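A short worksheet on the structure shown next.
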Amino acid sequence: MQTFRTTSENPDFQNLVKKLDAYLAFIDGEDHAFYHQFNKIDLLKNCIVIFEDEKPVACGALKPIDENTMEVKRMFTLPEYRGKGFAVSVLTELEIWAKELGFEKVVLETGKKQTEAVALYHKCNYNIIPNYGQYAGVENSVCFEKVL
């Protein structure tokens, strides 16, 4: 496994995000358009791509929210590589990077229908928080936080 820090201009990151968007369109159904508007990848400066045998298999990104907080975005692992620790590795590397940049915590939103993602965040010691920002009042969203 090789971990690569990059930006949203990286073609491997972009290709994984396209697969993520297709997956989410299926999972979210009619709610996909609402969520998709908050998941633009242009201008993301802190992206991770993980490679296995030179193949990009997982990704994630960070986006600053305020001077103390970064938001985890665009977490995805190719289906055939799930359950092998890649998502934990992406999340851990994002947390390390956020801390290196001087941020104190990370937050994220995922859909309640994304049970694998919810389980991952619980496993990685994230705590459920009230839905923040654009997700406030959105029934199908669940938000998490982790102090670094």
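Each reported figure results from applying straightforward, stated rules to the coordinates on display, with no laboratory input. It should be emphasised that the depicted structure is a prediction, and the values quoted were computed from it without experimental measurement. A quick note on method: Cβ atoms are made from the backbone with ideal geometry, for glycine too, and the neighbour counts reach across all protein chains shown.
The table that follows gives values for the structure above.
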{"quantity": "Positive dipole terminus of the chain, leading residue within ILE48, GLY133, TYR81 (C-beta point charges)", "calculated": "TYR81"}
{"quantity": "Charge tally in the Cβ shell below 11 Å around LEU94, where Lys, Arg are +1 and Asp, Glu are -1, LEU94 excluded", "calculated": "+2"}
{"quantity": "Prolate/oblate/rounded call for segment 103-148, Cα gyration tensor, a/c under 1.5 rounded", "calculated": "oblate"}
{"quantity": "Cα-centred dipole magnitude for the chain, charges only on beta-carbon of K, R (+1) and D, E (-1), debye, nearest 20", "calculated": "160"}
{"quantity": "Efficiency of FRET from Cβ geometry, GLU100 and LEU43, R₀ 25 Å, rounded to 0.05", "calculated": "0.80"}
{"quantity": "Selected from ASP21, ASP53, ASP12 as most flexible by GNM, with the chain as the system and alpha-carbon contacts under 10 Å", "calculated": "ASP53"}
{"quantity": "Dipole of the chain [Lys/Arg +1, Asp/Glu -1 at C-beta], most positive-end residue of ALA22, VAL142, LEU91", "calculated": "LEU91"}
{"quantity": "Per-selection Kirkwood Rh - the chain (Cα, Å, 1 d.p.)", "calculated": "15.3"}
{"quantity": "For THR92, THR115, order by how many other beta-carbon atoms lie within 10 Å, fewest first", "calculated": "THR115, THR92"}
{"quantity": "The chain - mean residue ellipticity at 222 nm from DSSP helices (-39,500 (n - 2.57) per run, n ≥ 4, rounded to 500)", "calculated": "-10000 deg cm²/dmol"}
{"quantity": "Length-normalised contact order for the chain - Cα pairs under 8 Å, 6+ apart - percent", "calculated": "20"}
